[in-house]
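A short worksheet on the structure shown next.
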Amino acid sequence: MSQVKSCGFLIVRGQPVSDFLLMRHTDRWDLPKGHVDPGETELQCALRELEEETSITSNDIEIDHAFRFTTQYPVVSKKKGKVRQKTLVIFLAYLVRDVNIKVTEHPDYQWFDWIPSRQIQAETIDPLLVELEAYLASEPKG
């Protein structure tokens with residue numbers, strides 16, 4: 001089975017986290033993410049995709065390098081109909097300033113209130129929120 005890798009960000013606001021950003025597709029919500037280009041690191045890919053899809057730049061965020069969410073699942077190629085194994089790597093970043101989000105590849109976006117137990121998308125977003133909730137609970141306070 002061939003492999004494909006996507007990388008992206010979960011962008012959150014607030015300390016403690018108050019909300020998070022998702023991009024609207026025609027049939028679902030998703031994260032700002034995309035496929036890794038040849039020679040690109042996972043973080044470079046995530047930063048590029050974030051800026052391309054939202055206009056949020058590396059200057060607008062503070063990356064939490066201690067958090068990294070990874071999952072794998074099968075996807076069907078739209079062009080050839082073949083099943084491939086997809087690896088998804090999501091980094092966490094805090095928005096550090098107000099930005100004017102400009103969507104380029106999605107119909108819309110939305111800031112969702114921080115409720116980790118909500119059900120948005122079972123394959124990727126739901127387990128990501130659960131893992132982030134556990135991570136945030138384990139962080140030292142102060």
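The values are calculated or read from the model by the stated rules, or taken from the named source; none is laboratory data. Because the structure is a prediction, the values reported are computed rather than measured. Glycine also receives a Cβ, built like all others from the backbone with ideal geometry; neighbour counts cover every protein chain displayed.
When the residues of segment 80-98 are filtered to those that are part of a strand (DSSP E or B) and of a type in the set (Lys, Arg), which remaining residue is surrounded by the most Cβ atoms within 10 Å (Cβ to Cβ)?
Filtering segment 80-98 for residues that are part of a strand (DSSP E or B) and of a type in the set (Lys, Arg), the one surrounded by the most Cβ atoms within 10 Å (Cβ to Cβ) comes out as Lys86.
Determine whether Thr87 is of a type in the set (Ser, Thr, Tyr), over 12 Å from Ile11 (Cα atoms) and in contact (Cβ under 8 Å) with a residue 24 or more places away in the chain.
Against the criterion (of a type in the set (Ser, Thr, Tyr), over 12 Å from Ile11 (Cα atoms) and in contact (Cβ under 8 Å) with a residue 24 or more places away in the chain), Thr87 qualifies.
Where the second residue is not in a helix (DSSP H, G or I) and the first is among the charged types (D, E, K, R) and lies in segment 117-142, which pairs have Cβ atoms under 7 Å and are six or more apart or on separate chains?
The qualifying pairs are Glu123/Tyr73; Asp126/Gln119; Asp126/Ile120; Glu131/Phe69; Glu133/Pro116.
Every residue in segment 1-46 that is assigned to a loop (DSSP other than H, G, I, E, B), β-branched (Val, Ile, Thr) and within 18 Å of Val103 (Cβ to Cβ), please.
Listed by number, the list holds a single entry, Thr26.
Can you tell me how many residues in segment 36-57 are out of contact with any strand residue (DSSP E or B) (no Cβ under 9 Å at 6 or more places or on another chain) and either surrounded by 14 or more Cβ atoms within 10 Å (Cβ to Cβ) or small (Gly, Ala, Ser) (or both)?
Total meeting the criteria: 3.
Applying the selection to segment 109-133, what residues are loosely packed, with under 11 Cβ neighbours inside 10 Å and either modelled with pLDDT under 95 or on the phi > 0 side of the Ramachandran plot (or both)?
Scanning segment 109-133 gives Ser117, Gln119, Ala122.
Tell me the residue from Val75, Val4 that is farther than 17 Å from Glu133 by Cα, touching a His at 6+ places or on another chain (Cβ under 8 Å), in contact (Cβ under 8 Å) with a residue 24 or more places away in the chain and among the β-branched types (Val, Ile, Thr), please.
Only one candidate qualifies: Val4.
What are the pairs, 6+ residues apart or on separate chains, where a residue within segment 7-19 that is in contact (Cβ under 8 Å) with a residue 24 or more places away in the chain and farther than 11 Å from Trp111 by Cα has its Cβ under 9 Å from a residue that is outside any strand (DSSP E or B) and of a type in the set (Gly, Ala, Ser)?
Correct list of pairs: Cys7/Ala46; Gly8/Ala46; Phe9/Ala46.
Among what's in segment 99-108 and is closer than 24 Å to Val36 by Cβ and in contact with a strand residue (DSSP E or B) (Cβ under 7 Å, 6 or more places away or on another chain), pick the residue that is surrounded by the fewest Cβ atoms within 10 Å (Cβ to Cβ).
Val103
Is it true that some residue in segment 96-112 is closer than 18 Å to Arg68 by Cα and not hydrophobic (A, V, I, L, M, F, W, C)?
No, every residue in segment 96-112 fails to be closer than 18 Å to Arg68 by Cα and not hydrophobic (A, V, I, L, M, F, W, C).
Of Ile115, Ile101, which residue is part of a loop (DSSP other than H, G, I, E, B) and closer than 12 Å to Val17 by Cα?
Result: Ile115 is the single residue among Ile115, Ile101 that is part of a loop (DSSP other than H, G, I, E, B) and closer than 12 Å to Val17 by Cα.
Could you say whether any residue in segment 59-66 is farther than 29 Å from Ala137 by Cβ and without any contact (Cβ under 8 Å) to a residue 60 or more places away in the chain?
yes
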